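So the structure is just underneath, and the comments pick up after that.
Readers should treat all values here as calculations from the given coordinates under stated rules, not as data from a laboratory. Because the structure is predicted, anything quoted here is derived from the model rather than measured. Note that we place each Cβ from the backbone using ideal geometry, even for glycine, and neighbour counts take in every protein chain shown.
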Amino acid sequence: MTYLSINENPKNFNNNTYMKKVSFLILIIHSSFYFAQDIPKERVVNIVSTLASDEMKGRKFGTPENDKAAEYIASEFKKDNLDYCFGDSYLIPFEYKGQKGFNVCGIKKGTSEKSLAFSGHFDHIGTNNKEGDNIYNGADDDASGIATVIGIADYFKNKKTDYSMVFMAFNAEEIGLKGSKALSENTNLTPVFSNITALFNFEMLATESQFGKNAVFMTGDEFSDFDELINKNAGNGLKVYPDPYKNEQLFYRSDNVNFVKKKIIAHSISTVDMTKATHYHAVNDDIKIVDAENLTNIINNFAKTIEKLNTKNFTPKYNDKVNFDF
């Protein structure tokens, strides 16, 4: 870049030349500031609060509020200038037991066709008929995961990446992983899925994990070297721990499993302390239980970690312990 010398007087410059140099300098400063910015906590709180609001009535599959949540996520993907996964919409319809719903999918093109995928589910379990607070807001489960997906898309909006990036918001997780199953089996997406190197599925990150702040655990850590490679490149002290609940078989019980079946490296990442999660599938899973600062730090530090990954230093592989026929 070119700066004015301390001995140079702007009066000696043609006015247009001077203004061009000043404008260019301002642009460089502004761009450097923009690219260096983290996702602010207010942004994260806004996403979780929107999805977990009473107006969303628990985002149960098959309801107008569930559709509204899908449309909201699609609007955020549009703000981040993502391409459609196919066709002319981020919204990808599917049906289950006569009810129609939508998954949401967008792509950021990198220099490579190979991609990393980021996902979470946006549906929850709706309401009950009791008096008082009867809305299962699902702030942790899984508005926090969707905030992570959108936050990562925000972070990379104006950044060039080696890997392409696939962003997915699954529906109908709460009724048996039906949305991710429908999406994974959609043949229009075969070209997209055939290029995924690894999928990060974010599931319940609103509270501090049993390992402390800035720490998560990964399901199925014993089946691949995914966590080892993440920890090797981790930003700002982020730490991925082994799954402390192996007896629960969580690796085979979340949306990642429908991609495991396709032999794609796919793990779920969480902070939920299952010994303390009294909010799980309860009406108190609302914005009040969200540790917004910790969630924001995790989102930004995952983004910084992902920023270090490329097609040469991040090619995780399954070992022979994983079961593809379950």
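From the phi angles alone, apply the Karplus equation (6.51, -1.76, 1.60; θ = phi - 60°) to the range 196-206 and give each ³J(HN,Hα) in whole Hz, x where the residue is Gly or Pro.
Values, residue by residue: 6, 7, 7, 10, 9, 9, 9, 9, 6, 10, 7 Hz.
With +1 assigned to the C-beta of every Lys and Arg and -1 to the C-beta of every Asp and Glu, and no other charges, what is the dipole magnitude of the range 202-324 about the Cα centre in debye, to the nearest 20?
Dipole magnitude for the range 202-324 comes out near 460 debye.
Placing +1 on the Cβ of each Lys and Arg and -1 on the Cβ of each Asp and Glu in the chain, which of ALA182, SER53, PHE193 has its Cα farthest towards the positive end of the resulting dipole?
PHE193
Grab the DSSP H runs of the chain that are 4 residues or longer, score each as -39,500 (n - 2.57), total them, divide by all residues and round the 222 nm result to the nearest 500 deg cm²/dmol.
Helix contribution divided over all residues of the chain: -9000 deg cm²/dmol.
Could you point to the residue in SER164, ILE264, ALA215 farthest towards the positive end of the chain's charge dipole, with +1 and -1 charges on the Cβ of Lys/Arg and Asp/Glu respectively?
The residue sitting most towards the positive pole is SER164.
With θ set to phi - 60°, apply the Karplus curve 6.51 cos²θ - 1.76 cosθ + 1.60 along the range 52-63 and write out the HN-Hα couplings as whole Hz, x wherever there is a Gly or Pro.
For the range 52-63, the Karplus curve yields 9, 6, 4, 4, 7, 6, x, 6, 5, 4, x, 9 Hz.
Between the DSSP loop rule and a limit of at most 14 other Cβ atoms within 10 Å, which GluC sites (Glu not before Pro) in the range 33-111 are left?
none
Helix 41-51: angle to the longest alpha-carbon principal axis of the chain, degrees 0 to 90, nearest 10?
40
Which angle from 0 to 90°, rounded to the nearest 10, does the C-alpha axis of helix 144-155 make with the longest principal axis of the chain?
With rounding to tens, the tilt is 20 degrees.
Would you work out which of ASN319, PHE202, ALA234 lies farthest towards the positive end of the dipole of the chain? Charges go on Cβ: Lys and Arg +1, Asp and Glu -1.
So the residue we want is ALA234.
Restrict the search to the range 58-117; then list the trypsin sites (Lys or Arg not before Pro) that DSSP places in a loop and that have at most 15 other Cβ atoms within 10 Å of their Cβ.
Answer in residue order: LYS97, LYS109.
Across the range 242-253, in residue order, what do the Karplus-derived ³J(HN,Hα) couplings come to in whole Hz, using 6.51 cos²θ - 1.76 cosθ + 1.60 with θ = phi - 60° and x for Gly and Pro?
x, 5, x, 10, 4, 5, 7, 6, 5, 4, 9, 10
In debye, nearest 20, what is the charge dipole magnitude of the chain about its Cα centre with +1 on Lys and Arg Cβ and -1 on Asp and Glu Cβ, if you could check?
That gives the chain a dipole magnitude of about 1240 debye.
So which chymotrypsin sites (Phe, Trp or Tyr not before Pro) in the range 99-172 pass both tests, a DSSP loop state and at most 11 other Cβ atoms within 10 Å of the Cβ? Walk me through the numbers before you get to the answer.
Values: sites: PHE102, PHE118, PHE122, TYR136, TYR155, PHE156, TYR163, PHE167, PHE170; in loops: PHE122, TYR136, PHE156, TYR163.
When the chymotrypsin sites (Phe, Trp or Tyr not before Pro) of the range 99-172 are filtered for loop state and at most 11 Cβ neighbours within 10 Å, nothing remains.
Expressed as an acute angle from 0 to 90° and rounded to the nearest 10, what is the orientation of the C-alpha long axis of helix 292-307 relative to the principal long axis of the chain?
The two axes meet at around 70 degrees.
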